[in-house]
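For reference, the structure is listed below as structure tokens.
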Amino acid sequence: MQAPHPPLHEYYAHESDRVGWVNRLFDRTAGDYDRIERAMALGTGSWYRRGALARAGLTAGMRVLDIGTGTGLTAREAARLVGATGQVIGIDPSAGMLDSARVPPGVNLLLGSAEQIPSGPASADFLSMGYALRHIADVSAAFREFFRVLIPGGRICLLEITSPPGRISRGLLRAYMRGVVPFMARYLAAHRDSPQLMRYYWDTIEACVAPRVILAAIREAGFIEVARHVELGIFSEYRARKPLA
Ligand SMILES: C[S@@+](CC[C@H](N)C(=O)[O-])C[C@H]1O[C@@H](n2cnc3c(N)ncnc32)[C@H](O)[C@@H]1O
């Protein structure tokens, strides 16, 4: 499996333009990301991220790699859970997002991508990724990297919004994400491209491959105990473990 959705021609012409286009979009709108996310999630984002990481087994003292860390919203919650004896490193390809990140002391931020993680083999106990799966260009390469950087027994927790199967619930979510959220972004954002980021956000959700394809790609990379837990019908938590031997 390579990209999680076909090229979206409304935004970029060819598959080869995807990575650069996505990077530039996040670079430009980074300063608005936290404000829009707070409004979109009605202030529940931190609480939800922390709960999802805890449900996946993140506990005090662990070494965490947070991939697609952006402005650090998931890394911050990981840092709260691992405490002073743990360690969190956030990795993202957008220098703009990393420059806008607000993370507690001790959380390190590095430029890199899911497909090329700047960490050694078996260097993490836990790997998290919040809402970045849809933006990866090569999902199978990313899952192989996740496997490489984890210790035997290490766990992953990938958070995503998934289009609900029912027509009515999908229509309601679409109206909120494609209509209300970009409209809110026009008033909350400093950068004129932020409403486009939020339209793109929904379009990638709608175009993304089905969860069973993601689960199969995680298994293919060598993980075991591969599962998807769903909250409120749309919040997917992909979990898996690297075998001990
Ligand atoms: C919607 S933001 C999520 C930020 C944060 N993790 C959160 O929980 O809100 C998606 C992030 O994925 C990053 N991203 C895009 N392509 C990526 C890739 N190939 N590997 C890792 N991260 C990527 C973007 O730069 C952006 O910061």
Self-check item: Surface per residue (accessible, 1.4 Å probe) for region 165-210, Å²
Solution: 56
Quiz item: To two decimal places, what compactness ratio does region 111-245 give when its Cα radius of gyration is scaled by 2.2 N^0.38 Å?
Solution: 1.17
Quiz item: Got the relative contact order for the chain handy, in percent, Cα pairs under 8 Å and 6 or more residues apart?
Solution: 21
Exercise. Pairs of Cα atoms under 8 Å, at least six residues apart: use those to get the relative contact order of region 54-146, whole percent.
Key: 32
Quiz prompt | Karplus-derived 3J(HN,Hα), 6.51/-1.76/1.60, for each residue of region 144-152, Hz, glycine and proline x | solution = 5, 5, 4, 5, 5, 7, 8, 6, x
Quiz item: Which value, to two decimals, describes the C-alpha radius of gyration of the chain once divided by 2.2 N^0.38 Å?
Solution: 0.95
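With a 1.4 Å probe and every protein chain kept in, tell me what percent of the accessible surface of the chain is carbon plus sulfur.
Of all accessible area on the chain, carbon and sulfur atoms account for 57 percent.
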Quiz item: Among Phe147, Leu81, Gly233, whose Cα sits farthest toward the positive end of the charge dipole of the chain (+1 at Cβ of Lys/Arg, -1 at Cβ of Asp/Glu, about the Cα centre)?
Solution: Gly233
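222 nm [θ] for the chain, helices only, -39500 (n - 2.57) per DSSP H run of 4+, per residue, to 500? Present the calculation step by step, with values, prior to reporting the outcome.
Details: 9 runs with 100 residues, N = 245.
Result for the chain, helices only: -12500 deg cm²/dmol.
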Exercise. Please give the per residue accessible area of region 53-148, computed with a probe of 1.4 Å over protein heavy atoms only, in Å².
Key: 36
Quiz item: Under the definition of Cα pairs under 8 Å and six or more residues apart, what whole-number percent is the relative contact order of region 93-173?
Solution: 30
Quiz item: If ligands, DNA and RNA are left out, what is the accessible area of Leu109 with a 1.4 Å probe, given in Å² to the nearest 10?
Solution: 60
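The values are calculated or read from the model by the stated rules, or taken from the named source; none is laboratory data. Since the structure is predicted, the reported quantities are computational estimates derived from the model, not experimental observations. Ideal geometry is used to build each Cβ from the backbone, glycine not excepted, and the neighbour counts take in all protein chains shown. Side chains included, ligands, DNA and RNA excluded: accessible areas come from the protein's heavy atoms. Shrake-Rupley method; radii C 1.70, N 1.55, O 1.52, S 1.80 Å.
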